[in-house]
Amino acid sequence: MLEVRALTAGYGPVTVLRGVDFDARAGEVTCLMGRNGAGKTTLLKAIMGLVETAEGTIRLSGIDLHDLPAHRRPGHGLAWVPQGRRLFGPLTVAENLEVGGLLHGHRREVREHVLTLFPRLRERLAQPAATLSGGEQQMLAIGRALCLEPKVLLLDEPTEGLQPSMIALIRDAVLRLKAEGVAVVLVEQRVDAVLKMADRVAFMAHGRVEEMVEARKLEHGARQFLDYVGV
Amino acid sequence: MAFGPFLLLALMEGLVTAAVLALAASGLALVFGVMRVVNVAHGEFFMLGAVIAWFVASLIPGPAWMAFAAALVVAPLAVAALAALADALVLKRLNYDPEATIVATIGLLYMLQQAALTVYGPDARPVAAPFDLRLQLPWFGYSGYKLFVIAAAAVVLAGIWALMTHTRAGLVMRATQVDRDVARAFGIDVDRVYMGTFALGAGLAALAGVLIVPITQAHYLMGGDPLLLSFIVVIIGGLGSLRGTLVAALVIGLSDGVISMFFSPTLAKILATLLVALVLVFRPQGLFGTRT
Ligand SMILES: Nc1ncnc2c1ncn2[C@@H]1O[C@H](COP(=O)(O)OP(=O)(O)OP(=O)(O)O)[C@@H](O)[C@H]1O
Ligand SMILES: [Mg+2]
């Protein structure tokens with residue numbers, strides 16, 4: 001589904017990604033792990049076209065994304081839930097979802113689907129996004145991305161700073177998307193969450209994916225967790 | 001004349017100032033809000049609106065109202081097109097860097113001013129008001145055209161407000177204002193939004209220029225005052241806040257009218273400047289702005 005090859009990218013003179021190979025398959029959850037600063041967020045941004053890529057290719061269903069500007073990429077089935085949520089804070093919940101649905105003409109049943117997944121958003125449609133609780137904000141960030149009806153969903157640390165019940169809710173949503181055939185890329189730092197959700201785990205260090213492992217071959221205390229995450 | 005009628009007259013004059021100022025300043029606020037560009041050339045778009053209105057009026061024969069109506073349409077559109085061009089040729093290439101665009105728009109200010117001097121000349125020229133009505137009050141007569149200016153500005157500003165809050169274009173602009181990268185990730189063509197916003201902002205300034213020209217005449221240096229006052233209004237109202245801009249324009253316009261009438265225009269300017277200083281010290285985000 002999503003195929004990244006030998007990707008080199010960074011911010012101006014700073015090279016962050018140095019030859020990343022990575023892929024994500026439909027109906028699978030691929031977790032991305034690595035220490036702070038390993039380049040996980042940068043990889044997702046590069047896939048979205050938000051950082052300049054120097055070398056390498058990014059393909060989605062066989063289509064090369066290289067010459068597509070960022071705003072043309074979601075139309076090909078990519079959606080992104082950024083680290084730190086990055087909602088449109090002054091806009092209402094409904095308006096945030098509306099921005100999510102801009103490309104598809106804001107279809108009613110898509111929005112209904114999102115609101116069924118996260119019923120708490122329905123009660124807060126008219127409220128500015130900035131006034132939501134942390135968990136609600138994360139639901140909205142995911143819901144906004146789902147309005148794009150993505151084939152590939154990139155989630156950057158969606159459980160950061162959330163309480164267990166909220167994490168469980170987000171995990172259920174991720175597993176449901178997986179069952180629907182979405183290719184989920186999940187940046188996640190917590191081992192137990194990764195073991196519960198992942199089909200495969202990519203370990204990043206030094207701006208590269210150093211290892212790509214089937215999740216069922218991993219367990220708590222596995223060497224990779226020690227090497228790449230330090231737990 | 002008793003105090004009451006004097007005050008009424010002062011308030012009406014103040015409302016005219018406020019109306020024109022609100023139009024010009026909302027253009028500046030929109031551009032700063034959405035694009036984070038401080039457009040120093042904003043006053044020149046105002047001037048160009050007035051100057052183009054003069055050209056249009058002198059080219060179109062027939063009754064004054066027809067010439068003026070044509071100017072009201074042609075001048076803002078022409079200025080908006082020019083602004084779109086400036087966006088594509090200059091601002092976009094600077095990647096909308098907040099500092100570089102200040103320098104660039106200073107350059108644009110001089111270019112537009114010198115171009116106007118070359119083509120239009122150094123004279124101040126009048127444009128006839130579209131109609132010659134006078135509203136006769138018991139104490140004094142008042143120009144019907146000035147009332148038209150107030151009404152026209154109110155209609156346009158209501159339209160802008162509706163555009164921002166109730167249309168897809170407005171939603172796209174507000175989303176871009178908050179986070180342009182995330183906006184891109186949802187399919188928003190930020191370059192197009194910026195071009196449209198810059199054109200709209202310039203068009204609003206030009207419209208203000210057209211409306212004022214039957215009252216004050218067109219002159220190639222007329223952009224300075226509105227630029228300064230627009231900045232004052234935008235700072236007091238809160239950078240990029242449309243509502244704050246409108247309220248501040250009313251405050252500045254009305255107090256300018258009243259203080260100019262009862263004391264002196266200079267005192268009005270001094271107090272406005274003092275108000276800016278107070279806002280900057282005690283509430284730097286402006287009366288309606290949010291801290292970022
Ligand atoms: N806008 C930027 N400009 C310059 N360098 C940046 C920028 N954003 C990130 N970097 C650098 O790129 C490197 C990778 O950052 P990135 O955010 O991709 O890491 P990450 O793996 O997501 O880390 P974390 O776990 O803390 O989120 C870091 O060294 C960081 O300093
Ligand atoms: Mg990160």
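The values are calculated or read from the model by the stated rules, or taken from the named source; none is laboratory data. The model shown is predicted, which means the values in this text are computed figures rather than measured ones. No Cβ is skipped: glycine too gets one built from the backbone with ideal geometry, and neighbour counts run over all protein chains shown.
Would you say A:Val51 is within 16 Å of ligand 2 (Cβ to nearest atom), without any contact (Cβ under 8 Å) to a residue 60 or more places away in the chain and in contact with a strand residue (DSSP E or B) (Cβ under 6 Å, 6 or more places away or on another chain)?
Answer is yes for this residue.
Which members of the stretch A:1-29 meet the condition of being more than 14 Å from every other protein chain (Cβ to nearest Cβ), within 16 Å of ligand 2 (Cβ to nearest atom) and not small (Gly, Ala, Ser)?
A:Val14, A:Val16, A:Leu17, A:Val20, A:Phe22
Could you tell me whether the stretch B:230-249 includes any residue that is under 30 Å from B:Ser58 (Cα atoms) and among the small types (Gly, Ala, Ser)?
Yes, because at least one residue in the stretch B:230-249 is under 30 Å from B:Ser58 (Cα atoms) and among the small types (Gly, Ala, Ser).
Examine the stretch A:128-148 for a residue that is within 27 Å of A:Leu7 (Cβ to Cβ), away from ligand 1 (no atom under 16 Å from the Cβ), not acidic (Asp, Glu) and not in a helix (DSSP H, G or I), and state whether such a residue exists.
Yes, the conditions are met somewhere in the stretch A:128-148.
Of all residues in the stretch A:1-29, which are within 10 Å of ligand 1 (Cβ to nearest atom) and part of a loop (DSSP other than H, G, I, E, B)?
The answer is A:Gly12, A:Pro13.
Would you mind stating whether B:Val178 is surrounded by 13 or more Cβ atoms within 10 Å (Cβ to Cβ) and touching a helix residue (DSSP H, G or I) at 6+ places or on another chain (Cβ under 9 Å)?
Values: surrounded by 13 or more Cβ atoms within 10 Å (Cβ to Cβ): yes; touching a helix residue (DSSP H, G or I) at 6+ places or on another chain (Cβ under 9 Å): no.
Criteria not met by B:Val178.
Output the residues belonging to the stretch A:165-207 that are polar (S, T, N, Q) and closer than 13 Å to A:Cys31 by Cα.
Here is the first cut: in the stretch A:165-207, the residues polar (S, T, N, Q) are A:165, A:189.
A:Gln189 - this is the single residue of the stretch A:165-207 that is polar (S, T, N, Q) and closer than 13 Å to A:Cys31 by Cα.
Would you point out the residue of the stretch A:103-131, among those that are within 13 Å of chain B (Cβ to nearest Cβ), surrounded by 16 or more Cβ atoms within 10 Å (Cβ to Cβ) and modelled with pLDDT of 95 or more, that is nearest to B:Phe186 (Cα to Cα)?
A:Ala129
From the list A:Asp156, A:Asp192, which residue is away from ligand 1 (no atom under 15 Å from the Cβ) and over 21 Å from A:His104 (Cβ atoms)?
Going through A:Asp156, A:Asp192 in turn, the sole match is A:Asp192.
Going by what's in this entry, would A:Gly37 be described as under 21 Å from A:Val201 (Cβ atoms), modelled with pLDDT under 95 and either away from ligand 2 (no atom under 13 Å from the Cβ) or out of contact with any strand residue (DSSP E or B) (no Cβ under 8 Å at 6 or more places or on another chain) (or both)?
Numbers: under 21 Å from A:Val201 (Cβ atoms): yes; modelled with pLDDT under 95: yes; either away from ligand 2 (no atom under 13 Å from the Cβ) or out of contact with any strand residue (DSSP E or B) (no Cβ under 8 Å at 6 or more places or on another chain) (or both): yes.
Judged against the criteria, A:Gly37 is a match.
Restricting to the stretch A:30-59, name every residue that is away from chain B (no Cβ under 14 Å) and near ligand 1 (Cβ under 8 Å from one of its atoms).
Step one: of the stretch A:30-59, the residues away from chain B (no Cβ under 14 Å) are A:30-40, A:43, A:53-59.
Matches in the stretch A:30-59: A:Gly34, A:Arg35, A:Asn36, A:Gly37, A:Ala38, A:Gly39, A:Lys40, A:Leu43.
Restricting to the stretch A:86-102, name every residue that is within 7 Å of another protein chain (Cβ to nearest Cβ), assigned to a helix (DSSP H, G or I) and under 19 Å from the mean Cα position of the chain (by Cα).
Across the stretch A:86-102, the qualifying residues are A:Val99, A:Gly100.
Give the residue that is surrounded by the fewest Cβ atoms within 10 Å (Cβ to Cβ), with candidates limited to residues of the stretch B:181-197 that are of a type in the set (Gly, Ala, Ser) and in a helix (DSSP H, G or I).
Out of the qualifying residues, it is B:Gly196.
Filter the stretch B:181-222 for residues that are in contact with a strand residue (DSSP E or B) (Cβ under 9 Å, 6 or more places away or on another chain) and within 14 Å of chain A (Cβ to nearest Cβ); which is nearest to B:Thr245 (Cα to Cα)?
B:Val182
Do you know which residues across the stretch A:54-68 are over 11 Å from A:Arg5 (Cβ atoms) and assigned to a strand (DSSP E or B)?
Passing the criteria: A:Ala54, A:Leu60, A:Ile63.
Going residue by residue through the stretch A:67-80, is there one that turns out to be within 16 Å of ligand 2 (Cβ to nearest atom) and either without any contact (Cβ under 8 Å) to a residue 60 or more places away in the chain or surrounded by fewer than 14 Cβ atoms within 10 Å (Cβ to Cβ) (or both)?
no
Under the condition of being part of a helix (DSSP H, G or I) and either under 23 Å from A:Leu162 (Cβ atoms) or touching a residue at least 40 places away in the same chain (Cβ under 8 Å) (or both), which residue from the stretch A:195-223 is nearest to ligand 2 (Cβ to nearest atom)?
A:Met197
Does A:Gln83 satisfy the condition of being within 13 Å of another protein chain (Cβ to nearest Cβ), within 16 Å of ligand 1 (Cβ to nearest atom) and either touching a Ser or Thr at 6+ places or on another chain (Cβ under 6 Å) or not small (Gly, Ala, Ser) (or both)? Show your work before the answer.
Values: within 13 Å of another protein chain (Cβ to nearest Cβ): yes; within 16 Å of ligand 1 (Cβ to nearest atom): yes; either touching a Ser or Thr at 6+ places or on another chain (Cβ under 6 Å) or not small (Gly, Ala, Ser) (or both): yes.
It is true that A:Gln83 is within 13 Å of another protein chain (Cβ to nearest Cβ), within 16 Å of ligand 1 (Cβ to nearest atom) and either touching a Ser or Thr at 6+ places or on another chain (Cβ under 6 Å) or not small (Gly, Ala, Ser) (or both).
Can you give me the ranges of the helices (runs of 4 or more DSSP H) entirely in the stretch B:198-292 with at least 3 residues that are free of Cβ contacts under 8 Å to residues at least 12 places away in the same chain?
Ranges flagged: B:265-282.
Yes or no: the stretch B:165-172 includes at least one residue that is farther than 24 Å from B:Gly14 by Cβ, in a helix (DSSP H, G or I), in contact (Cβ under 8 Å) with a residue 60 or more places away in the chain and of a type outside the set (Asp, Glu).
For the stretch B:165-172, residues farther than 24 Å from B:Gly14 by Cβ, in a helix (DSSP H, G or I), in contact (Cβ under 8 Å) with a residue 60 or more places away in the chain and of a type outside the set (Asp, Glu): absent.
I'm checking my understanding of the structure. Among residues of the stretch A:175-194 that are assigned to a helix (DSSP H, G or I) and surrounded by fewer than 18 Cβ atoms within 10 Å (Cβ to Cβ), which one is nearest to ligand 2 (Cβ to nearest atom)? Before the answer, list the steps.
Of the residues in the stretch A:175-194, the ones assigned to a helix (DSSP H, G or I) are A:175-179, A:191-194.
Now narrow it down to the ones that are surrounded by fewer than 18 Cβ atoms within 10 Å (Cβ to Cβ): A:175-176, A:179, A:192.
Values: A:Leu175: 23, A:Arg176: 24, A:Ala179: 27, A:Asp192: 20 Å.
Applying the filter and picking the extreme gives A:Asp192.
All but one of (1) surrounded by 21 or more Cβ atoms within 10 Å (Cβ to Cβ); (2) within 16 Å of ligand 2 (Cβ to nearest atom); (3) not hydrophobic (A, V, I, L, M, F, W, C) hold for A:Asn96; which doesn't?
It is condition (2) that A:Asn96 fails.
Is there a residue being surrounded by 17 or more Cβ atoms within 10 Å (Cβ to Cβ) and either within 14 Å of another protein chain (Cβ to nearest Cβ) or in a loop (DSSP other than H, G, I, E, B) (or both) anywhere in the stretch B:138-160?
No, the conditions are met nowhere in the stretch B:138-160.
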